[in-house]
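Notes to accompany the following structure.
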Amino acid sequence: MILASDAAGCVRIDHGALRGWMVTLHFLYARLTLNPWAVPILPARMRLALLVICVLALAVPAGWSVTRPSGSLSIEDGRGAVMLKGRGIVIGRLEKGTVEIVDLTPVDQWSPRVNGVPRGRTFGIRSRDVNFYIPGGRYRITVEGEGFSISARGQGTATLDGAPDPVGTTGTFSVGDSQTAPLPVTPEQVVFGTPTSAPAKATP
């Protein structure tokens, strides 16, 4: 019994019995919840959207998106040559050709990666199925060949020079939310993102 009375008729609590009763209740609860039926709190689409937001938040360097308005450049199935110079994140793939990457901020915490391997300040490769990734900082990237796709987010410039295949296809590109257009067959420079303006100097 948890409650008992002594010889004087006063009610007292048997603490030993109370602890035993609580332990028994704990084990009964554990048996009931051994294999709980998992019910997702959020629908699948909402969970996917939340995951994408979290990944982007981790990928963008802290404080950078606040101080530097971001733009974007996308190139799909390009042929010819492209030279990008800017600051931010770049993901790219080349089916066949050459890639040269120059890290213009080599002392920061971001190192270019080619085929998953961190590289030094300057790296070049001529091969097939080349993947490259710039996690942040300033860079200069030159890509020449066939079947390259590049996605850049940040600020910078790109010189586009398409080389048509036998049917005249050069691939497509778009800047920001603009409509896609064919890569030009003559060199053309495009700008993506809005560079941060330099602070004005105080006049004496």
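Among 159-166, 184-191, how do they line up from the highest to the lowest mean number of other beta-carbon atoms within 10 Å? Spell out each step's value before the answer.
On the way: 159-166: 16.1, 184-191: 12.9.
Highest-to-lowest ranking by the protection proxy: 159-166, 184-191.
Summing Cβ point charges (Lys, Arg +1; Asp, Glu -1) relative to the Cα centre of the stretch 71-192 gives a dipole of roughly 500 debye. With q set to 0.10, 0.21 Å⁻¹, the log10 of I(q)/I(0) for the stretch 71-192, from the Debye formula over equal scatterers at the Cα positions, is -0.26, -1.16. Neighbours of ILE134, meaning other residues whose beta-carbon lies under 9 angstrom from its beta-carbon, give a summed charge of 0 when Lys and Arg score +1 and Asp and Glu score -1.
Given 0.36 nm per residue, what is the gain on full extension from THR142 to LYS96 after removing their alpha carbon distance, in nm? Walk me through the numbers before you get to the answer.
Numbers: separation 46, 0.36 × 46 = 16.56 nm, distance 1.36 nm.
My answer for the length gained is 15.2 nm.
Every number here is computed from the coordinates shown, using simple stated rules; none is lab data. Values in this document were obtained by computation on a predicted structure and should not be read as measured data. Cβ: placed from backbone, ideal geometry, glycine included. Neighbour counts: every protein chain shown.
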